[in-house]
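Bear in mind that the values in this text are calculations on the coordinates, not laboratory data. Small disclaimer: the values here were computed from a predicted structure and weren't measured. Methodologically, a virtual Cβ is constructed for each residue, glycine included, from the backbone with ideal geometry; neighbour enumeration extends over all protein chains shown.
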Amino acid sequence: MNEDLQGARGGRGESAGGERVLDRPLRGMRSEDDRGAPFAGGESTGWQGALKRIGRLPSRREALGLCVAASAGKAQVPGGAPGTRERNPASQAAGRAPSGSALLLGAPLFLKSDDPGALAREARRLGYSAAYCPPASPNDAARLRAIEAAFAKEGVVLAEVGVWVNLMDADPARRRENLRKVTEGLAVAEAVGARCAVTICGSFNEKVWYGPHPKNLGQEFFDAAVENARKIIDTVRPKRAKFTYEMMGWSLPDSPDAYVKMIRAVDRSAFAVHLDVCNLVNCPQRFYNNTALIEECFAKLGRWIVSCHAKDLDWVPEMNIHFVEVIPGRGHINYRAWLRGLASLPSPAPLMLEHLKTAEEYADGVAFIRRTASEMGLGFA
């Protein structure tokens, strides 16, 4: 979570092409991409396509071949209509590319400029292949187009639009305002082609907006988080950006299993995963066994992961547990497991450093991550 990188602000939104993103009508449980449309060009597939191609009923041998193809998942969606390719929303997250793609790495920029071109060039000068989206309002179509074009020109992926507000605020007016801000953040992410918009589910804590509260682990909290995610997604109806919650150690989702449960409950293909492993380390078992935690995250959530935060954790000896964030490489998080997990994805999610104080600290963290990746035979774009 990066409080220095606030999400978009402003009125009703326009996409990069000038379309009013927030004016689109609400949609139902699924996006247009999930409705079993034919392949590009309108060609039917599966049984229907086969019959069309051979122009007659198949022979027994041909029918057997079609059955084998169907059993391999090539002809029909489970429980769906014949002639449609299986369209698992998990496999569609954020422009997946073939496995083995170069990893993506980025960090906050310290350049004092609001110019998208200058910021994109600075990211590339520092060797970054990913960046946080610069501040923008969804109704500023010209700036949104400039941001998308500038970073695309430099080959830098826009990782995320962060909107760090409390969607569970006890004050109804502030809660509605925060929902509006996050919705506009997703509209901005969609307009500029960022991988995702991200926030946390929020907190019932009335003193610290992200703080702990016993109800943050209960059904009321879960149901409210699901409802908020649906409202945000159904308002924007994104085609390329995803909406994500960052996991926290003291509120839901607080584990890979809890996130899978939330994905199923939200039931939107535009809902995905933002992974911050350090946020999940909330006990000695997870601290010492963070390798297993990382591997569990990628095993259970990998197909939905669209962006990640990079940092490290150390344990400060006190009379109670006190984990502290440190520069990557100076703590105990297993970055080999972390990078191996990223490399296993169909298309690596951006790994974005955060919460450090100076450009020099970020440079140290980036150097450690690059060095570790190089030792593993992995490279960055």
Quick note on 335, 288, ordering by fewest other C-beta atoms within 10 Å, gives 288, 335
Taking a label point 7 Å from the Cα of residue 320 along Cα-to-Cβ, the residues of segment 231-257 whose backbone nitrogen sits under 15 Å from it are 250
Note on segment 91-375: contact order normalised by length, alpha-carbon pairs under 8 Å, 6 or more apart, percent, works out to 20 percent
Given a Förster distance of 30 Å, the FRET efficiency implied by the Cβ-Cβ spacing of residue 177 and residue 223, rounded to the nearest 0.05, works out to 0.90
Under 5 Å from the placed amide H of residue 162, counting only residues 5+ away or on other chains, we find 133, 198
Loop-resident GluC sites (Glu not before Pro) in segment 167-258 with no more than 16 other Cβ atoms inside 10 Å, DSSP not H/G/I/E/B, are 206
Counting only residues 5 or more apart in sequence or on a different chain, those whose built amide H sits under 5 Å from that of residue 309 are 275, 276, 277, 352
Footprinting proxy, 358, 199: sorted fewest to most Cβ within 10 Å, the residues are 358, 199
Filtering trypsin sites (Lys or Arg not before Pro) in segment 118-207 by DSSP loop and by at most 15 other Cβ atoms within 10 Å leaves 207
Scoring segment 288-381 by relative contact order with C-alpha pairs under 8 Å, at least six apart, yields a percentage of 30 percent
Expected unfolding gain across residue 296-residue 250 under the 0.36 nm per residue rule, minus the alpha-carbon gap, is 14.7 nm
For segment 317-381, listing GluC sites (Glu not before Pro) in a DSSP loop whose Cβ sees at most 15 other Cβ atoms within 10 Å gives 318
Taking the alpha-carbon centre of each part, the distance from segment 220-243 to segment 135-197 in Å is 14 Å
Extension length gain for residue 110 and residue 330 (0.36 nm per residue less Cα distance), in nm, is 77.0 nm
